[in-house]
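J.: Below: one structure in structure tokens.
Only the coordinates and a few stated rules stand behind these numbers; no lab work does. Since we're looking at a predicted model, the values are computed, not measured. Here the Cβ positions follow ideal geometry from the backbone for every residue, glycine too, while neighbour counts run over all protein chains shown.
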Amino acid sequence: MTRQVRRRRVAFALVALLSVGVLHGAAWTPIAGATAATALPLPVDTRVPGGVALLDLGTAVDPPGLVYFGAYRVPVVHDGASWKAVVGIPLATPPGPQVARLVTPTPDDTDVELPFEVAPKSYAEQRLTVEPRKVDPLPQDLERIEAESARSEAALSTYSDDLFPTWRWQAPVAGKRSSSFGLRRVFNDQPRNPHSGMDIAAATGTPIRSPAAGRVVEAGDFFFNGATVFVDHGQGVLTMYCHLSRIDVKVGEAVKAGQTLGLVGATGRVTGPHLHWGVAVNRALVDPALFLSQAEPATGQ
Ligand code: ZN
């Protein structure tokens with residue numbers, strides 16, 4: 001079968017889809033009761049590195065198809081008005097044109113390109129001093145770090161068709177955001193990966209509540225992230241909670257919105273107790289602030 005890639009507007013493709021029928025039934029259940037008047041709130045459309053792009057896929061009755069950005073499947077949701085692809089944009093994405101891909105359920109398996117523009121965003125630098133071994137790991141640490149990196153990658157790459165996320169949440173811990181997403185980080189004078197989550201200052205022992213229902217896909221003690229829990233909310237949306245003093249859930253456990261996942265702590269590479277909260281969409285770690293139900297201004301760095 002020849003896979004054709006055509007540059008054309010999605011609207012034209014959707015006209016062709018009207019006669020095709022339902023694809024992948026259960027994975028595409030629209031939100032019950034949602035109408036144009038009660039549109040499902042989605043994350044804030046912010047087309048920058050570390051943001052999300054909401055790409056309109058039209059108003060056809062049937063789901064438009066599967067969407068991919070790079071190698072990863074993108075969540076597709078009906079918000080009450082139209083189908084949308086919610087594309088997570090990795091922090092390392094260069095500004096400029098990007099293309100997601102809609103694989104339509106046509107007999108010739110045609111792809112439709114979904115072009116969008118990523119605007120530049122410069123993030124400030126943050127310098128931190130931590131235990132030297134957490135910046136220059138000892139040889140015996142490296143094997144552990146590699147194994148944990150694979151576990152983390154597997155967790156963040158999960159795509160569950162049987163779970164459906166909500167998209168606007170309460171923060172998992174009430175508290176001051178002590179560090180913002182995207183900061184370029186320099187530990188002990190050495191540059192490291194940018195900060196890919198939100199830090200919320202809270203005392204050790206503060207309960208961490210899952211902002212949405214889901215399933216625990218990974219949990220354990222990680223070299224850099226300390227005691228960590230990963231929750232799968234479905235459709236490629238995952239959240240992670242790091243530096244915990246206690247984990248209260250088990251891998252495979254279903255969790256409800258508001259359920260305690262564990263307690264705030266200071267394990268791993270930290271300068272003090274806080275929650276590091278990460279949000280992944282199609283494997284990209286994006287700014288958790290875009291998912292908060294109320295805009296809460298950051299109070300410091
Ligand atoms: Zn952090």
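J.: Mind listing whichever residues of the stretch 199-214 are more than 16 Å from the ligand (Cβ to nearest atom) and not hydrophobic (A, V, I, L, M, F, W, C)?
T.: Answer for the stretch 199-214, where residues must be more than 16 Å from the ligand (Cβ to nearest atom) and not hydrophobic (A, V, I, L, M, F, W, C): Gly205, Pro207, Arg209, Ser210, Pro211, Gly214.
J.: Out of the residues in the stretch 162-185 meeting the condition of being part of a loop (DSSP other than H, G, I, E, B) and among the hydrophobic types (A, V, I, L, M, F, W, C), tell me which one is farthest from the chain's Cα centre (by Cα).
T.: Ala174
J.: Shifting gears a bit: Looking for something surrounded by 15 or more Cβ atoms within 10 Å (Cβ to Cβ) and closer than 21 Å to Pro49 by Cα - is there at least one such residue anywhere in the stretch 124-131?
T.: Yes, the stretch 124-131 contains at least one residue that is surrounded by 15 or more Cβ atoms within 10 Å (Cβ to Cβ) and closer than 21 Å to Pro49 by Cα.
J.: Something else: If we keep just the residues of the stretch 182-193 that are of a type in the set (Lys, Arg) and closer than 28 Å to Val86 by Cβ, which is farthest from the ligand (Cβ to nearest atom)?
T.: Ranking the candidates gives Arg184 first.
J.: Follow-up question, since we're still on this one. Within the stretch 84-100, work out how many residues are within 19 Å of the chain's Cα centre (by Cα), free of Cβ contacts under 8 Å to residues at least 60 places away in the same chain and not in a loop (DSSP other than H, G, I, E, B).
T.: Within the stretch 84-100, residues that are within 19 Å of the chain's Cα centre (by Cα), free of Cβ contacts under 8 Å to residues at least 60 places away in the same chain and not in a loop (DSSP other than H, G, I, E, B) number 5.
J.: If I filter the stretch 243-262 for residues that are within 13 Å of the ligand (Cβ to nearest atom) and either assigned to a loop (DSSP other than H, G, I, E, B) or in contact with a Cys (Cβ under 6 Å, 6 or more places away or on another chain) (or both), do I get at least one hit?
T.: No; the residues of the stretch 243-262 include none that is within 13 Å of the ligand (Cβ to nearest atom) and either assigned to a loop (DSSP other than H, G, I, E, B) or in contact with a Cys (Cβ under 6 Å, 6 or more places away or on another chain) (or both).
J.: Are any residues in the stretch 93-105 over 26 Å from Asp162 (Cβ atoms) and surrounded by 12 or more Cβ atoms within 10 Å (Cβ to Cβ), and if so, which ones?
T.: Thr93, Pro95, Gln98, Val99
J.: Kindly indicate the residue of the stretch 42-92 that is among the charged types (D, E, K, R) and surrounded by fewer than 21 Cβ atoms within 10 Å (Cβ to Cβ) and also farthest from Leu290 (Cα to Cα) among those meeting that condition.
T.: Asp62
J.: Going through the stretch 111-137 one residue at a time, which ones are outside any loop (DSSP other than H, G, I, E, B) and under 30 Å from Gly268 (Cα atoms)?
T.: Passing the criteria: Glu125, Gln126, Arg127, Leu128, Pro132, Arg133, Lys134.
J.: Of the numbered conditions (1) small (Gly, Ala, Ser); (2) farther than 17 Å from Met240 by Cα; (3) within 15 Å of the ligand (Cβ to nearest atom), Ser196 fails exactly one; give the number of that condition.
T.: It is condition (2) that Ser196 fails.
J.: With respect to Val217, determine if the residue is away from the ligand (no atom under 16 Å from the Cβ), in contact with a helix residue (DSSP H, G or I) (Cβ under 6 Å, 6 or more places away or on another chain) and of a type in the set (Val, Ile, Thr).
T.: Taking the combined requirement at face value, the residue satisfies it.
J.: Could I ask something else about it? Exactly one of these conditions fails for His233: (1) more than 17 Å from Val286 (Cβ to Cβ); (2) away from the ligand (no atom under 16 Å from the Cβ). Give me its number.
T.: Unmet condition: (1).
J.: Counting just the residues of the stretch 203-233 that are in contact with a strand residue (DSSP E or B) (Cβ under 6 Å, 6 or more places away or on another chain) and not in a strand (DSSP E or B), which one comes out farthest from His274 (Cα to Cα)?
T.: Among residues in the stretch 203-233 that are in contact with a strand residue (DSSP E or B) (Cβ under 6 Å, 6 or more places away or on another chain) and not in a strand (DSSP E or B), the one farthest from His274 (Cα to Cα) is Ala212.
J.: Sticking with this structure for a sec: What are the residues in the stretch 218-256 that are surrounded by fewer than 19 Cβ atoms within 10 Å (Cβ to Cβ) and either within 26 Å of Val67 (Cβ to Cβ) or among the basic types (Lys, Arg) (or both), if any?
T.: Once the filter is applied, which keeps residues that are surrounded by fewer than 19 Cβ atoms within 10 Å (Cβ to Cβ) and either within 26 Å of Val67 (Cβ to Cβ) or among the basic types (Lys, Arg) (or both), the stretch 218-256 yields Arg246, Lys250, Lys256.
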